[in-house]
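The values are calculated or read from the model by the stated rules, or taken from the named source; none is laboratory data. Keep in mind that this is a model prediction, so the values were computed, not measured. Cβ placement follows ideal geometry from the backbone for every residue including glycine, while neighbour counts extend to all protein chains displayed. Ligands, DNA and RNA are excluded from the accessible area calculation, which covers all protein heavy atoms including side chains. Shrake-Rupley method; radii C 1.70, N 1.55, O 1.52, S 1.80 Å.
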Amino acid sequence: MDRRTFLKATAIGSIATGIGSTLAAAERYFPTKVDQSLFEGINRVKDPAKKTPLEKSHAPAISAPASVKAGEPFTVEVSVGENLHVMGPTHWIEYIALAIGNEPAGRMDLQPRGFLKPRLTFDVVIPKEAAPAGKVTLVASQHCNLHGTWESSLDISVV
């Protein structure tokens, strides 16, 4: 074997070993298998009367008054799921966002720390001209590193 062939074989072997050990380390650090179909679009609850465990812990839950006065502040609380989502180094919520219709109202980026329970409170004021039909839709979204983007909405009336 000549020197050039030896060096090529050694370099290729080293690269293959490095990739293999990196993949093995990733498998150990992220042991949960990911359903790739959850990343194809935005996930929503399919049947609100019969939520799956995944939907209960990932679909944003919006708490707001059914009716609000235009121009007056009110509180909107968004939590990730009916059962608050866990936050750890291998499974966490990356952000929670709130929009009023198509207009972004706020967003919070989160860190993968075990002491967090993802629930945010937004103080919102809706001007009369923003609700010409007398109602608006609050849209909450969140992104889980293992289960993709989830969205929920709530219609409220504006008087």
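Restricting attention to segment 140-159 and to residues that are of a type in the set (A, V, I, L, M) and open to solvent by less than 30 Å² (accessible area, probe 1.4 Å), the residue that is nearest to residue 91 (Cα to Cα) turns out to be 146.
Being of a type in the set (A, V, I, L, M), open to solvent by less than 20 Å² (accessible area, probe 1.4 Å) and within 17 Å of the chain's Cα centre (by Cα) is the filter here, so list the residues in segment 48-68 that pass it. 59 - this is the single residue of segment 48-68 that is of a type in the set (A, V, I, L, M), open to solvent by less than 20 Å² (accessible area, probe 1.4 Å) and within 17 Å of the chain's Cα centre (by Cα). What about residue 15, is it at pLDDT below 90, under 24 Å from residue 137 (Cβ atoms) and open to solvent by 60 Å² or more (accessible area, probe 1.4 Å)? When the stated conditions are applied, residue 15 does not pass them.
In this entry, residue 28 is excluded by the filter for residues that are in contact with a helix residue (DSSP H, G or I) (Cβ under 9 Å, 6 or more places away or on another chain) and either on the phi < 0 side of the Ramachandran plot or modelled with pLDDT under 65 (or both). Scanning segment 69-83 for residues that are within 18 Å of the chain's Cα centre (by Cα) and open to solvent by 60 Å² or more (accessible area, probe 1.4 Å) yields a count of 3.
Is there any pair linking a residue in segment 81-101 that is farther than 14 Å from residue 59 by Cα and touching a residue at least 12 places away in the same chain (Cβ under 8 Å) to one that is open to solvent by 20 Å² or more (accessible area, probe 1.4 Å) and among the β-branched types (Val, Ile, Thr), with Cβ under 6 Å and at least six apart or on different chains, and which? From residues that are farther than 14 Å from residue 59 by Cα and touching a residue at least 12 places away in the same chain (Cβ under 8 Å), the pairs are 99/139; 101/137.
When segment 120-136 is examined, which residues are found to be under 20 Å from residue 63 (Cβ atoms) and either open to solvent by less than 40 Å² (accessible area, probe 1.4 Å) or touching a helix residue (DSSP H, G or I) at 6+ places or on another chain (Cβ under 6 Å) (or both)? Within segment 120-136, 120, 122, 124, 126, 131, 136 meet the criteria.
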